[in-house]
Amino acid sequence: MIICDSISSIQSVIAKERQNGHSIAFVPTMGALHQGHLNLIKAAQKKADKVVCSIYVNPTQFNNSDDLINYPRLLEEDIKKLETVNCDILFTPSDEVMYQKTSTLKFNFGELDQVLEGAFRPNHFSGVALVVSKLFHIVQPDYAFFGQKDLQQLTIIKKLVQELLFNVQIESVPIQREPDGLAMSSRNGRLNPLERQEAVIFFECLSNARKILLENHDRQATISNVQQAFQHHSAKLEYFDIVDDSDLKPRHENYLRPDTVLCIAGYIGNVRLIDNMYLIS
Ligand code: AMP
């Protein structure tokens, strides 16, 4: 695997691949890699000749400074993991490379970034859009792969690409889960053993909610069931909603559609976790 930490070095490596007629797929990450990330690399390998992964903990998407400080940084282990799946190129820029000057540019996605995560993480998606735009300019991939785990991010990136005419095809990959159902996340490593057991509540609530909605088509009964489960639990619910995956608007009828998705977020101790599940899988 070729590892680059400057814009000029990654661009000259990619230029050589282009000269050889190779297509490029890109997998942006913040590191602390797990099987979910590696699945993105594997999906990317099926689509393009060469795969570029980036590892960069982007400060502008953190609205909580403790979360940024505590975010796991495990570059040596990540490199080994990427080598086991034969990733071709790794980009590991520093803050100085990505933000030569303090950025004042802000993105506004209208209602898309005000709901769900956006309601609890002001400016988060502006920071995501900023860093993804920079990375797309640097790498200029044919394809970029994102996980359904961050469903709202995926919707917003599709909008970003459409509005800014990025010449890249966005591909999504299903959520990779632990054996007990917990969605894999770099943040799971911050859970103590008891919290790790308790964290399965997000998956259990989504599974039960999905069952209730499929059986009863009753939005309020489904939401109440989730709220009740959290009332008797140490975990704290931030939101649960049933939405349309294209505009993230709450769905109030006609649930039995492939774009109906159940979204949840909350805290176990001081670790914030998110998850989602499509009604029809
Ligand atoms: P992150 O490093 O958390 O920014 O994630 C990098 C990419 O991996 C994003 O596109 C995420 O949606 C994706 N991802 C993270 N966790 C999972 C998972 N459990 N399953 C599938 N994709 C994931």
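The values are calculated or read from the model by the stated rules, or taken from the named source; none is laboratory data. Source: prediction; values computed, not measured. Backbone-built Cβ (ideal geometry, glycine too); neighbour counts: all protein chains shown. Keep in mind that these areas ignore ligands, DNA and RNA; they rest on the heavy atoms of the full protein, side chains included. Shrake-Rupley method; radii C 1.70, N 1.55, O 1.52, S 1.80 Å.
Considering segment 251-270, and only residues there that are closer than 11 Å to Arg219 by Cβ and surrounded by 14 or more Cβ atoms within 10 Å (Cβ to Cβ), the residue that is nearest to the chain's Cα centre (by Cα) turns out to be Leu262.
A single entry from Val161, Val128, Val139, Val173 fulfils the requirement of being near the ligand (Cβ under 10 Å from one of its atoms), under 21 Å from Met98 (Cα atoms) and not hydroxyl-bearing (Ser, Thr, Tyr): Val128. Which one is farthest from Ser6 (Cα to Cα) among residues in segment 19-66 that are free of Cβ contacts under 8 Å to residues at least 60 places away in the same chain and of a type in the set (Lys, Arg)? Only one residue fits best here, namely Lys46. Looking only at segment 188-205, decide whether some residue is in contact with a helix residue (DSSP H, G or I) (Cβ under 6 Å, 6 or more places away or on another chain) and away from the ligand (no atom under 16 Å from the Cβ). Checking segment 188-205: at least one residue is in contact with a helix residue (DSSP H, G or I) (Cβ under 6 Å, 6 or more places away or on another chain) and away from the ligand (no atom under 16 Å from the Cβ). For the structure I just gave you, tell me whether Lys249 is more than 16 Å from the ligand (Cβ to nearest atom) and under 27 Å from Ile268 (Cβ atoms). Spelling it out, it is not the case that Lys249 is more than 16 Å from the ligand (Cβ to nearest atom) and under 27 Å from Ile268 (Cβ atoms). The set of residues from segment 166-207 being of a type in the set (Lys, Arg) and either under 15 Å from Asn270 (Cβ atoms) or out of contact with any Phe, Trp or Tyr (no Cβ under 8 Å at 6 or more places or on another chain) (or both) comprises Arg187, Arg190, Arg196. When Leu112 is tested against (1) within 13 Å of the ligand (Cβ to nearest atom); (2) surrounded by fewer than 22 Cβ atoms within 10 Å (Cβ to Cβ), exactly one condition is not met: (1). When Glu17 is tested against (1) open to solvent by less than 70 Å² (accessible area, probe 1.4 Å); (2) in contact with a Ser or Thr (Cβ under 9 Å, 6 or more places away or on another chain); (3) under 17 Å from Phe145 (Cα atoms), just one condition goes unmet, and that condition is (3). Of everything listed in (1) within 21 Å of Gly36 (Cβ to Cβ); (2) open to solvent by less than 50 Å² (accessible area, probe 1.4 Å); (3) more than 19 Å from the chain's Cα centre (by Cα); (4) not small (Gly, Ala, Ser), the single unmet condition for Leu182 is (3). The condition of being crowded, with 18+ Cβ neighbours inside 10 Å, modelled with pLDDT of 95 or more and more than 30 Å from Ser65 (Cβ to Cβ) does not hold for Leu214. For segment 100-118, the candidate set comprises residues that are within 16 Å of Asn63 (Cβ to Cβ) and small (Gly, Ala, Ser); within that set, the residue that is modelled with the highest pLDDT is Gly118.
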